[in-house]
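Peer 1: Sharing a structure with you now.
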């Protein structure tokens, strides 16, 4: 497999894995449907089913999950799109109609998480206990959706990193990716006459990281939870740390306006630190409550 790549091929040469003629969409009854959209939809559906399955473990009912699911999904997608557009406005300034075209990608998970939290908060109607229980269980579904959703980035040939020759190195034909995502380092490592770039599959790194985090949450949940909101903090800290590490490899970073700082990387670090501090605070409160009950 040393020849030129087809426009729809994806190769992992060191793993000897080759996807040939893998399109970005399929046509059903004359309607073109993007794999990205189908994968996101499956991720959302699976997330809701997982949350409904776990609901009773958190003192809720499956109906509690189904009642709020549609609201979280709708406002989550809106939030993810608004966040992405806000931090890549130059790409939409001259063609605002493209803001509504999400079939080609362009959803930022942090925007979806923020919108989702706000939606749950309003739904809970200031019932703090219910809010924390809902968000605790929703973190499992959110991770499931992210695990699957990253594979939408794979079919879209996006969310990849800088050049690498490590075991997981991925080759993509230059015709299949956005020109602004191809760096000088990638071009410098292209063999003479080659039509592909070789990069970090950061979508795979993040999907795997999130899978490990979800497995940990499911294992941790079997032991009970130390306090309402514990799973939220584990998610924010675990995902934040992973995103901070992985985001630095990507070439399509959303930057803080006027800087070269990746907003998702800094936000990930902030969430990790926040979760550590809040865990310590919550642990201290629980210890004091235990001591008071013994006196």
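The values are calculated or read from the model by the stated rules, or taken from the named source; none is laboratory data. Being a predicted model, the structure only gives us computed values, none of them experimental. No Cβ is skipped: glycine too gets one built from the backbone with ideal geometry, and neighbour counts run over all protein chains shown.
Peer 1: Being part of a loop (DSSP other than H, G, I, E, B), touching a helix residue (DSSP H, G or I) at 6+ places or on another chain (Cβ under 9 Å) and on the phi < 0 side of the Ramachandran plot, is that true of even one residue in the stretch 262-284?
Peer 2: The answer is no, given that none of the residues of the stretch 262-284 is part of a loop (DSSP other than H, G, I, E, B), touching a helix residue (DSSP H, G or I) at 6+ places or on another chain (Cβ under 9 Å) and on the phi < 0 side of the Ramachandran plot.
Peer 1: Anything in the stretch 191-208 that is out of contact with any strand residue (DSSP E or B) (no Cβ under 8 Å at 6 or more places or on another chain) and either surrounded by 21 or more Cβ atoms within 10 Å (Cβ to Cβ) or assigned to a loop (DSSP other than H, G, I, E, B) (or both)? List them, or say none.
Peer 2: Answer for the stretch 191-208, where residues must be out of contact with any strand residue (DSSP E or B) (no Cβ under 8 Å at 6 or more places or on another chain) and either surrounded by 21 or more Cβ atoms within 10 Å (Cβ to Cβ) or assigned to a loop (DSSP other than H, G, I, E, B) (or both): 191, 192, 193, 194, 203, 206.
Peer 1: Which condition does residue 41 not pass, out of (1) in contact (Cβ under 8 Å) with a residue 12 or more places away in the chain; (2) surrounded by 14 or more Cβ atoms within 10 Å (Cβ to Cβ); (3) closer than 30 Å to residue 93 by Cβ, if it passes all the others?
Peer 2: Failed condition: (1).
Peer 1: Give the stretch 162-190 a look and list any residue that's in a helix (DSSP H, G or I) and either free of Cβ contacts under 8 Å to residues at least 40 places away in the same chain or closer than 13 Å to residue 250 by Cα (or both), or say none.
Peer 2: 174, 179, 180, 181, 184, 185, 186, 187, 188
Peer 1: Taking residue 151 as meeting all but one of (1) part of a helix (DSSP H, G or I); (2) surrounded by fewer than 20 Cβ atoms within 10 Å (Cβ to Cβ); (3) over 16 Å from the mean Cα position of the chain (by Cα), write down the number of the exception.
Peer 2: With respect to (1) part of a helix (DSSP H, G or I); (2) surrounded by fewer than 20 Cβ atoms within 10 Å (Cβ to Cβ); (3) over 16 Å from the mean Cα position of the chain (by Cα), residue 151 is out only on (3).
Peer 1: Please work out which one of (1) at pLDDT 95 or above; (2) out of contact with any strand residue (DSSP E or B) (no Cβ under 6 Å at 6 or more places or on another chain); (3) outside any helix (DSSP H, G or I); (4) closer than 28 Å to residue 42 by Cβ is the condition residue 159 fails and give its number.
Peer 2: Going through the list (1) at pLDDT 95 or above; (2) out of contact with any strand residue (DSSP E or B) (no Cβ under 6 Å at 6 or more places or on another chain); (3) outside any helix (DSSP H, G or I); (4) closer than 28 Å to residue 42 by Cβ, residue 159 breaks only (1).
Peer 1: Using the structure shown, decide if residue 233 is part of a helix (DSSP H, G or I), without any contact (Cβ under 8 Å) to a residue 40 or more places away in the chain, surrounded by 16 or more Cβ atoms within 10 Å (Cβ to Cβ) and touching a helix residue (DSSP H, G or I) at 6+ places or on another chain (Cβ under 6 Å).
Peer 2: no
Peer 1: Based on what the data block shows, is residue 250 without any contact (Cβ under 8 Å) to a residue 12 or more places away in the chain and either crowded, with 19+ Cβ neighbours inside 10 Å or touching a helix residue (DSSP H, G or I) at 6+ places or on another chain (Cβ under 9 Å) (or both)?
Peer 2: Answer is no for this residue.
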